[in-house]
Amino acid sequence: MDIPAYKIALIVGAGEGLSASLARLFAREKIRVALAARKIEKLGALCSETGARAYPCDATNPDEVERLFGLVEREIGPPDLVVYNASARARGALVDLVPADVQNAIAVSAFGGFLVAQQAAQRMLPNKHGAILFTGASASVKGYAQSAPFAMGKFALRGLAQSMARELSPQGIHVAHFVIDGGIKSAERQEPAERPDSMLDPDAIAASYWSVLQQPRSAWTWEMELRPWVETF
C-alpha cells in the first residue's frame with residue numbers, strides 16, 4: 001500500500017478550535033507547521049506549543065497568498081499538506097443584506113480557497129505528491145434561511161474541491177472536502193450537560209482529517225461528512 005508521508009503543513013485561516021487541533025496533531029506526527037491568518041497575535045501560544053510559525057495573510061488577496069507561499073517555502077520548505085479553514089458569514093434576511101458584506105463572505109469562503117489551492121497545486125504537481133484539504137460546513141450542502149452568503153461561499157468551496165479532486169487526484173494530489181455538520185465545541189461554546197457529545201470535538205475532527213490523509217491511494221475519498229451522533233440530517 002502506498003501511504004504518503006507529509007513533511008510540511010500549512011493551515012490557512014488558523015485560530016483556536018479545529019486549526020489548533022490540527023496543528024497539534026501534525027506536530028505530534030513530526031510534521032513542521034505553518035499557520036496563516038489575517039491577525040496572528042493570538043497564535044503565539046499555539047506556536048510555542050507546536051513549534052509552528054505564524055504568517056499574516058489575507059486569503060482573498062492574490063498577492064498576499066502568493067507572498068505567503070513564497071515565505072513558507074523559503075523559511076520552512078514547500079508545503080505538501082495544505083488545509084483551508086477560513087470562512088466568513090453575513091447573516092440576515094435576503095432583502096436586508098449589504099452587497100459588500102455578501103461579497104466578502106463569498107471571497108473568504110470560496111475565492112480564498114481557490115487562491116490557496118492554486119498556489120499549493122503549483123508546488124505539488126512537479127513531485128506528484130501532496131494533499132489539499134478544505135473545511136466545509138452544514139451550509140456546504142444545505143442552504144439555511146437568512147444565511148444565503150455562507151451557503152453561497154460553502155457551496156462554491158465544495159464545487160472547487162470536487163473539481164480539483166477529479167483533476168488532481170490522477171496526478172498524485174489528494175484533495176478532500178469535509179462537511180462539518182454541527183457545532184464545534186470550544187472553551188466559549190460548550191454542549192449542554194443533558195446532551196453529552198452533542199457537539200463536535202475539534203480533536204475528533206482532526207483525527208478524521210488524519211485518517212483521510214492516511215488512506216492508500218487505491219482507496220481515496222474526496223469527501224467526508226462529520227456530525228455528532230444526535231444530529232439529524
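Looking only at region 55-87, filter to residues that are buried (at least 20 other Cβ atoms within 10 Å of the Cβ) and among the small types (Gly, Ala, Ser); which one of those is farthest from the chain's Cα centre (by Cα)? Steps first, answer last, please.
Just the residues of region 55-87 that are buried (at least 20 other Cβ atoms within 10 Å of the Cβ), to begin with: 55, 57, 59-60, 65, 68-69, 72, 79-87.
Filter once more, keeping what is among the small types (Gly, Ala, Ser): 59, 86-87.
Values: ALA59: 12, ALA86: 6, SER87: 9 Å.
Taking the candidates together, the pick is ALA59.
Can you find, within region 90-120, the residue that is surrounded by the fewest Cβ atoms within 10 Å (Cβ to Cβ) among those that are over 17 Å from ILE11 (Cα atoms) and touching an Asp or Glu at 6+ places or on another chain (Cβ under 9 Å)?
Only one residue tops the list, namely GLY92.
Quick test of your reading of the structure: GLN214 fulfils all but one of (1) buried (at least 16 other Cβ atoms within 10 Å of the Cβ); (2) more than 22 Å from ALA59 (Cα to Cα); (3) modelled with pLDDT of 95 or more; (4) out of contact with any strand residue (DSSP E or B) (no Cβ under 9 Å at 6 or more places or on another chain). Name the failing condition by number.
Answer for GLN214: the failing condition is (1).
Test GLU225 against the criterion of being at pLDDT below 95, out of contact with any His (no Cβ under 8 Å at 6 or more places or on another chain) and over 16 Å from VAL82 (Cα atoms), and give yes or no. I'd like the intermediate steps shown before the answer.
Numbers: at pLDDT below 95: no; out of contact with any His (no Cβ under 8 Å at 6 or more places or on another chain): yes; over 16 Å from VAL82 (Cα atoms): yes.
Against the criterion (at pLDDT below 95, out of contact with any His (no Cβ under 8 Å at 6 or more places or on another chain) and over 16 Å from VAL82 (Cα atoms)), GLU225 does not qualify.
Which condition breaks for HIS174 when tested against (1) open to solvent by less than 30 Å² (accessible area, probe 1.4 Å); (2) over 21 Å from ALA207 (Cα atoms)?
(2)
Does region 17-67 hold any residues that are in a strand (DSSP E or B) and either more than 19 Å from SER87 (Cα to Cα) or touching a helix residue (DSSP H, G or I) at 6+ places or on another chain (Cβ under 7 Å) (or both), and which are they?
Correct list: ARG32, VAL33, ALA34, LEU35, ALA36, ALA37, ARG53, ALA54, TYR55.
Take region 169-183 and flag every residue that is at positive phi and modelled with pLDDT under 95.
GLY182
Looking only at region 1-16, which residues are assigned to a loop (DSSP other than H, G, I, E, B), surrounded by fewer than 24 Cβ atoms within 10 Å (Cβ to Cβ) and of a type in the set (A, V, I, L, M, F, W, C)?
Scanning region 1-16 gives MET1, ILE3, ALA5.
Any idea how many residues of region 88-125 are farther than 30 Å from LYS7 by Cα and either part of a helix (DSSP H, G or I) or not small (Gly, Ala, Ser) (or both)?
15
Go through the residues of region 152-163 one by one and say whether even a single one is of a type in the set (Ser, Thr, Tyr), more than 16 Å from the chain's Cα centre (by Cα) and not in a loop (DSSP other than H, G, I, E, B).
yes
Report whether or not ASP197 is more than 21 Å from LYS7 (Cα to Cα), open to solvent by 50 Å² or more (accessible area, probe 1.4 Å) and charged (D, E, K, R).
Taking the combined requirement at face value, the residue satisfies it.
The values are calculated or read from the model by the stated rules, or taken from the named source; none is laboratory data. Note that the structure is a prediction, hence the values are computed from the model and not measured. Note that each Cβ is placed from the backbone with ideal geometry, even for glycine, and that neighbours are counted across all protein chains shown. Ligands, DNA and RNA are excluded from the accessible area calculation, which covers all protein heavy atoms including side chains. Shrake-Rupley method; radii C 1.70, N 1.55, O 1.52, S 1.80 Å.
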